[in-house]
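Here's the structure we're looking at; comments come further down.
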Amino acid sequence: GTFTSTLVSCRHALPFAVPCPEQLFLLLQQCKSSGICTWSSPDWSPGSQFQVNEWLGDAVLSLYLTDRLIHLFDFLAEGQLTDLRVGCERKSNLAKVFRLLDLQRLVDYEGRYVDNWVDQKERCDVVEALLGELAQHWRAAQVRRESATSGVVLDLLKKQE
């Protein structure tokens, strides 16, 4: 048909296609120094926090891409949107995000330099785990803000009574 992969590109939907990857890397470094991205070596053992973060990051990425694609390409059919989302979530694309953000500078995997990692799935896992951890910290900050705000509102209501 008329739909081809060149018609629309994943890079329009991915939040990582930014003009300055170095700024993003500095932000990630700052996150790491403030307790986000606390792991320095990925732990692929079942039930590890890294695995939980990866699982959450996969879900967050899928939701984000779904939202972006429906807004950017509202003229496409559901099947085409699904194909685009799946393409954006492909391991090879997430491995490119890993390289674009230069995440190997943040991660030490068993003393090996990341370029020696054989499996691009490992790079993909790191990107997803990072997204998952950032999502958890964002949610925790949101809860703290809501808690702080609700206390202020309750105090104001008590004063009005």
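No lab work stands behind these numbers, since they all come straight from the coordinates. Since this is a predicted model, take the numbers as computed values, not measurements. Glycine gets a Cβ as well: all are built from the backbone with ideal geometry, and neighbour counts include every protein chain shown.
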Contour excess over end-to-end distance, with Cα ends at ASP102 and SER48 and 0.36 nm allotted per residue: 17.0 nm
Simple Cβ-charge dipole of the range 71-111, Lys/Arg +1 and Asp/Glu -1, about Cα centre, in debye nearest 20: 160
Estimated distance in nm for a label pair at SER147 and THR82, the labels positioned 7 Å out from Cα along Cα-to-Cβ: 4.1
